[in-house]
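Following: one structure in structure tokens, then a few remarks.
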Amino acid sequence: MRVSAAERAANYAILVLFALVALAPIVTILATALSPETPADAQAGGPLHWENFGRAWEQGRFSEYMRNSVVVALIVVSLATVLSLMAGYAFGAFEFRGSQVLFYLFLVGIMVPSEAIVVPLFFDLQFLGLTNTVWAIALPQVAQSVAFGTYWMRAYFRGANRSIIEAARLDGAGHHRVLWQVLVPVARPALVTMVLLMFMWTWNEFLIPLVMSPNAQLRTAPLGLALFQGQYVQGTTLLAAGAVLVALPVVILYLFLQRHFIAGMLEGAVRE
């Protein structure tokens, strides 16, 4: 079906309009972060004040908060990825008694918001002596990520080429070898998409680190940004610079993995 020049122009106009709407907040924050903080800065420096990022980094103690976020993200993404692959393989490649009920139980982790369980979860972890530790922040997010990861990888493994699995089993490969040496290499787009989403959600999580570390010893980057906002209510320049610093790791990771991310999203869209 051929598209007329008018229809093509209208499509591009709509896409450009939505792109401008999406990019406007980002451009505004970047412009604010690079603007002069004081009148003296406006007279002394040039049009772009990159030193605002250094000031925000030092005054907001973002080195400590970013380090905590990196540690939590590494724990959550690593554990959740391994567990999601194994659970998704079990639910996607096999049919066993109670599999549907057990799978729906996994989905509860997606449907129930963290706000509904954070208070009893805090007392449970306090009873175990885990509050104010990195595990109190990481383990609840591992559970939430495994719920999504199991659903995601189950959909992929259910649509995987059965002939590859059968050929591997005829060669004497066990379940461990079939999963890690046969299915995981060809599941790279879906796997990268899942890892990126898990990292993004973990990095941006605010409520669980706030509640699970009541003495504020383990503030993550979003908590540090909220504290920085309280200290610099009038200083929108440094606040915008801090927001850019907090968002930068997710942006960088997406730029490196965008090809696999888009391929995984498109591949998942056509699966049942």
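Computing the accessible area with a 1.4 Å probe over protein heavy atoms, can you report the carbon and sulfur percentage for segment 51-148?
71 percent
Per the Cauchy relation, a quarter of the hull surface: what is the mean projected area of the convex hull of the alpha carbons in the chain, in nm²?
Value for the chain: 21.1 nm².
Diagonalise the Cα gyration tensor of segment 1-140 and give the resulting equivalent ellipsoid semi-axes, square root of 5 times each eigenvalue, largest first, whole Å. Could the numbers behind the result be given before it?
Numbers: eigenvalues 359, 222, 36 Å².
Over the Cα atoms of segment 1-140, the semi-axes work out to 42, 33, 13 Å.
Round to the nearest 10 and give me the degree value, 0 to 90, for the angle of helix 114-127's Cα axis relative to the longest principal axis of the chain.
90 degrees
If each DSSP helix of 4+ residues adds -39,500 (n - 2.57) and the sum is divided by the residues in the chain, what number results at 222 nm, nearest 500 deg cm²/dmol?
Dividing the helical sum by the residues of the chain leaves -25500 deg cm²/dmol.
Taking the alpha-carbon centroid of each part, what is the distance from segment 59-80 to segment 175-251 in angstrom?
Measuring centre to centre over Cα atoms gives 7 Å.
Can you order the peptides 24-33, 87-96 by their average number of other Cβ atoms within 10 Å per residue, highest first?
With the highest mean Cβ count within 10 Å placed first, the list reads 87-96, 24-33.
Net charge within 13 Å of Ser99 by Cβ-Cβ distance, Lys/Arg positive one each and Asp/Glu negative one each, not counting Ser99 itself?
+2
Put one equal scatterer on each alpha carbon of segment 112-165, apply the Debye formula with no solvent term, and list log10 I(q)/I(0) at q = 0.14, 0.16, 0.19, 0.28 1/Å to two decimals.
For the requested q values the scattering log ratios are -0.52, -0.60, -0.71, -1.09.
Please work out the average accessible area per residue across the chain, using the 1.4 Å probe convention, and give it in Å². Can you show the working numbers first?
Numbers: 15870 Å² over 272 residues.
That works out to 58 Å² for each residue.
Treat each spin label as a single point 7 Å out from the Cα along the C-beta direction, and report the Ile262 to Asp171 distance in nm.
Each label point is offset 7 Å from its Cα along the Cβ direction, giving 3.3 nm.
What is the gain in length, in nm to one decimal, between Leu248 and Val82 on full extension, counting 0.36 nm per residue of separation less the C-alpha to C-alpha distance? Numbers along the way, then the final one.
Details: separation 166, 0.36 × 166 = 59.76 nm, distance 2.60 nm.
That works out to 57.2 nm of additional length.
The values are calculated or read from the model by the stated rules, or taken from the named source; none is laboratory data. Everything numeric in this text was worked out from a predicted model, so none of it was measured. Here the Cβ is made from the backbone with ideal geometry for all residues, glycine too, and neighbour counts use every protein chain on show. When the accessible area is computed, the model is the full protein with side chains, heavy atoms only, and any ligands, DNA or RNA have been set aside. Shrake-Rupley method; radii C 1.70, N 1.55, O 1.52, S 1.80 Å.
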